[in-house]
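Since the structure comes first, as structure tokens, the remarks are kept for the end.
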Amino acid sequence: LLKPSYGSKGAGMRLFNDGLARVAAEGRTQRVVQKYIERPFLVQGYKFDLRCWVVVADWAALSVWMYEECLVRFCSEPFSLDNLASRFGHITNVSVQRQYAGAAGDAARRGSRGGLAQTPASWCHRLGGLHAPSVAGEVWSSAELEGELQRRGLGGAWAGRVLPALRRITAAAMQSAQERSSPRAGSFEVYGLDFVLDEALRPWLIEVNESPNLSAHGSELKERLLVEMTESLVQLLIDQQEVRPDREHRAAGEAVGAWTNLLVSADASEPGLEPAVPKSGGSAAALEVVGRKCVLPHRRVRSTNGV
């Protein structure tokens with residue numbers, strides 16, 4: 001996956017699968033190159049990502065909070081590795097998917113003049129013998145995704161596996177950025193972290209967005225979540241300061257609304273701080289916090305076949 005450095009709204013993102021030559025050809029420009037998650041967890045055959053909001057209340061004495069009601073944002077076309085050019089099947093960015101909705105609307109209008117056309121919202125997916133509304137281009141809450149996991153026999157996976165991994169990776173990412181931060185007293189910053197779940201439900205952090213767009217984009221669900229998120233954010237950052245000026249006594253796991261405290265430390269490298277990510281290999285969470293940096297732990301592969 002190749003995308004412009006400091007880009008936004010999914011502009012200029014491209015997928016390659018024909019070697020590094022095309023990537024090297026972009027060497028004179030600033031680009032971000034990422035390994036694509038080619039086996040994502042799908043719902044009805046559609047790829048989705050998770051948008052999680054995170055606030056850093058303090059960089060000097062690192063204070064990180066995560067809003068645990070995430071947005072689940074679906075693509076508008078079915079996922080297929082046979083068509084890497086399909087932006088609407090691979091890039092989950094809302095601005096990109098809204099372009100698809102506009103194109104579908106044009107097709108529907110053309111269809112009304114004598115042809116047959118369907119918009120994504122009208123498509124149905126056969127599930128268990130019943131016709132369920134398609135998830136194409138839809139936005140879910142994390143509670144709806146949790147319900148989908150339960151229906152697929154994965155009850156408890158969200159609370160027991162996915163959410164803890166999201167917390168650990170988020171805390172590790174913010175720890176790794178602390179060294180380059182410029183702390184300012186009485187300030188905070190909200191970030192939008194985007195994750196993709198692979199087929200084993202392991203979260204992979206694909207992007208950290210500064211100044212995330214907090215408009216509803218016409219979604220009643222997102223509008224509701226944003227109102228609840230910002231109201232509880234005021235409670236966390238302002239109201240709680242009056243009630244709890246002794247912020248250093250807050251503990252990881254403390255909650256204010258749906259905001260959960262991930263990390264509070266006078267120094268991210270202090271010996272008593274638990275690692276934000278466990279030392280386990282083979283997943284996106286296989287990071288090890290060393291001081292203020294995130295590194296991949298060295299692992300020795302043990303052969304089981306004598307080779």
Percent breakdown of C-alpha pair distances by 5 Å bin, ordered from the shortest bin, for the range 9-93:
3, 12, 17, 18, 15, 14, 11, 8, 3, 0
Measure of exposure for TRP59: accessible area at 1.4 Å probe, Å² rounded to 10, is 40
Per DSSP, loop GluC sites (Glu not before Pro) in the range 157-206 with at most 14 further Cβ within 10 Å
GLU179, GLU199
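The values are calculated or read from the model by the stated rules, or taken from the named source; none is laboratory data. Given the structure is predicted, the values throughout are model-derived calculations rather than measurements. Using ideal geometry, Cβ is built from the backbone for each residue, glycine included, and neighbour counts are taken over all protein chains shown. For the accessible areas, the whole protein counts, side chains as well, though only heavy atoms, and no ligand, DNA or RNA atoms are used. Shrake-Rupley method; radii C 1.70, N 1.55, O 1.52, S 1.80 Å.
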